[in-house]
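S.K.: Attaching a single structure in structure tokens format; questions to follow.
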Amino acid sequence: MKSYHATAGGGLASLVLREHAIPEPGPRELLVRVHANSLNARELSVLRGTYPLPVKQDVVMCSDGAGVVVAIGTGATHAKVGDRVAACMFPRWRDGRIELESAPQLGGSLDGMLSEYVVLHEDSVVQVPAHLTLEEAATLPCAAVTAWNALTGARPLQAGDDVLILGSGGLSIFALQLAKAFGARVIVATSSEARAQRLQALGADEVINYRANPTWAGRVRELTAGRGVDQVIDVAGATLEQSMRATALDGLVNFVGRASKEARTVGIDALFSSATTVRVVFAGHRRHFLDMNRALVANAIRPVIDRTFSFEESAEAFRYFESGQAFGKVVIRHAAL
Ligand SMILES: NC(=O)c1ccc[n+]([C@@H]2O[C@H](COP(=O)([O-])OP(=O)(O)OC[C@H]3O[C@@H](n4cnc5c(N)ncnc54)[C@H](OP(=O)(O)O)[C@@H]3O)[C@@H](O)[C@H]2O)c1
């Protein structure tokens, strides 16, 4: 079998395809034939050497993947041969708060999913919802689960809440789809008219152009009759002060990522006067994944895939994802055996 390895900080030039014997599942483990992967900003961070969590030497890349169980180890009862499963990016984080023992991560301190076969513990996967393809399921473990944790993990969203979502990357589109399923009114801030139209087609109630209007918090207040939004999903980081100014009193800013390349400063005055809670969102655990999958099924939500590459085109997929052109997820599909 083949796996793509890379060196933390080694850039895309360090991505190499290595051959291995197909591993055998141990007690309570599953051997999974991977059918698809998806890319996230974390993969680029690993390649740049800026990933905040430990990365093992010569790591097999990618946290995200989905496939079919082809063999089970002794005592495994939670899955059977033929099941379609997606991996949890933190295999040991099943529920509750993240602890040091549950922090090992696929494609980080553990080998990841960009491999033809992987061995996973039976409690570190979830069954793929029946309405999703394996390519669609491969988009869920990082971006969708984090969006779900942001929207439900601290202050569960309620019907009628106003939500502001920054950006139209993989995570933000999941946040939009899920927030609409909760019955929220969703405002999205994006960088172009073309993206604005696609966001409206996906259900965004209002769209703001954050490039044309860098002090967009005022516009968010206008759109909410002066009150501000109940929750913000902030993937950009440099925008935190605007996010706080756009939030209702005692509202919540979910600080999810630092996608913006602009200078990062936090407005202490804005934080104090808005009485906002800023919560740094740390991905999500298996319980989040299971709960989110129920919401995907009940609301017939399908991930938005921008483009699919073959396993052999993995380096090209990374380059395309890095270009920032994608609207939705970038997927790598393995050839059928
Ligand atoms: N905390 C966690 O556990 C966790 C988990 C997953 C991801 N993340 C982080 O979350 C961020 C988004 O992830 P992703 O997978 O969605 O990445 P992505 O697909 O690369 O999308 C990034 C998006 O950020 C938006 N953006 C950049 N600068 C912005 C600004 N100044 N204002 C508003 N939006 C801005 C862009 O939106 P437009 O194209 O619409 O302009 C872009 O599409 C990344 O930084 C990632 O590292 C964190």
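S.K.: What is the set of long-range amide H partners of Ala189 at a cut-off below 5 Å, with H atoms built 1.01 Å from backbone N?
M.R.: Amide H to amide H, under 5 Å and 5 or more residues apart or across chains, Ala189 pairs with Ile165, Leu166, Gly167, Ile208.
S.K.: When the distances between all Cα atoms of the range 1-136 are binned every 5 Å from zero, what whole-number percent does each bin get?
M.R.: It works out to 2, 11, 20, 22, 21, 15, 7, 2, 0, in whole percents.
S.K.: Pop a pseudo-label 7 angstrom from the Cα along the beta-carbon direction at both Ala154 and Lys56 and give the gap in nm to one decimal.
M.R.: Computed distance between label sites Ala154 and Lys56 equals 3.3 nm.
S.K.: What's the FRET efficiency of His78 with Ala275 using the Cβ-Cβ distance as r and R₀ = 41 Å, to the nearest 0.05?
M.R.: 0.40
S.K.: Compute the Cα gyration tensor for the range 187-278, then decide on rounded, prolate or oblate, letting a ≥ b ≥ c be the square roots of its eigenvalues: rounded whenever a/c is under 1.5, prolate when a/b is larger than b/c in the other cases, and oblate in all that remain.
M.R.: It is oblate, given that a/c is not under 1.5 and a/b is not larger than b/c.
S.K.: Can you put His35, His5, His78 in order, fewest other beta carbons within 10 Å first?
M.R.: His78, His5, His35
S.K.: What ³J(HN,Hα) values, in whole Hz, does the Karplus curve 6.51 cos²θ - 1.76 cosθ + 1.60 give for the range 17-23 when θ = phi - 60°, with x put for Gly and Pro?
M.R.: Once θ is set to phi - 60°, the couplings for the range 17-23 become 9, 10, 9, 9, 6, 5, x Hz.
S.K.: Compute from the Cα atoms of the range 139-202 the Rg and the Dmax, the latter being the longest Cα-Cα distance, and quote both in angstrom.
M.R.: Using the Cα atoms of the range 139-202, the pair Rg, Dmax is 11.3, 33 Å.
S.K.: On to the next question. Taking amide H positions as placed in the peptide plane 1.01 Å from N, state which residues far from Asp64 in sequence (5 or more) or on other chains have amide H under 5 Å from it.
M.R.: Result for Asp64 returns Ser38, Met113.
S.K.: Listing Val232, Val188 from the residue with the fewest other Cβ atoms within 10 Å to the one with the most, what is the order?
M.R.: Ascending Cβ contact count within 10 Å gives the list Val188, Val232.
S.K.: Hey, can you grab everything whose amide H is under 5 Å from the amide H of Ala8? Only 5+ residues off in sequence or another chain; H modelled, so Pro and N-termini drop out.
M.R.: Here the answer is Asp58, Val59, since their amide H atoms fall under 5 Å of that of Ala8.
S.K.: Also, quick follow-up: Looking only at the chain, where both bridge partners belong to it, what percent of the DSSP beta bridges are antiparallel (to the nearest 5)?
M.R.: 50
S.K.: If you don't mind, another one. On a C-alpha basis, how far is the centre of the range 309-337 from the centre of the range 150-196 in Å? Whole number, if you could?
M.R.: The range 309-337 and the range 150-196 have Cα centres separated by 25 Å.
S.K.: Let me ask something else about it. Residue by residue through the range 35-44, which ³J(HN,Hα) values in whole Hz follow from phi under the Karplus form 6.51 cos²θ - 1.76 cosθ + 1.60 (θ = phi - 60°), with glycine and proline marked x?
M.R.: Whole-Hz 3J(HN,Hα) from phi for the range 35-44: 10, 7, 10, 10, 9, 9, 4, 4, 5, 5.
S.K.: Let me ask something additional. What fraction, in whole percent, of alpha-carbon pairs in the chain exceed 38 Å separation?
M.R.: Summing the P(r) of the chain above 38 Å gives 14 percent of all pairs.
S.K.: What are the trypsin sites (Lys or Arg not before Pro) within the range 149-235 that DSSP puts in a loop, where the Cβ has at most 16 other Cβ atoms within 10 Å?
M.R.: Here the trypsin sites (Lys or Arg not before Pro) that fit, given the DSSP loop and packing criteria, are Arg211, Arg227.
S.K.: To continue, here is another question. Would you mind ranking Thr133, Thr50, Thr77 by Cβ crowding within 10 Å, fewest neighbours first?
M.R.: Neighbour counts put them in this order, fewest first: Thr77, Thr50, Thr133.
S.K.: Relative contact order of the range 31-167: what whole-number percent is it, with Cα pairs under 8 angstrom and at least 6 residues apart?
M.R.: 32
S.K.: Then there is this: Can you pull out the GluC sites (Glu not before Pro) in the range 39-114 that DSSP calls coil and that have at most 14 other Cβ atoms within 10 Å?
M.R.: Glu99
S.K.: I would also like to ask the following. May I ask you to evaluate 6.51 cos²θ - 1.76 cosθ + 1.60, the Karplus curve with θ = phi - 60°, for each residue of the range 92-104 and list the ³J(HN,Hα) values in order in whole Hz, giving x for glycine and proline?
M.R.: Rounded to whole hertz, the list is 9, 9, 9, 6, x, 6, 5, 10, 4, 5, 9, 7, x.
S.K.: Kirkwood-based Rg over Rh for the range 1-73 (C-alpha set), two decimals?
M.R.: Rg/Rh: 1.01.
S.K.: Please report the spacing between the Cα centers of the range 201-278 and the range 67-139 in Å, no decimals.
M.R.: 34
The numbers here are math on the coordinates, done by the rules we state, and not lab data. What you see is a predicted model, and the numbers here were worked out from it, not measured in a lab. In this analysis, Cβ positions are derived from the backbone assuming ideal geometry, glycine residues included, and neighbour counts consider all displayed protein chains.
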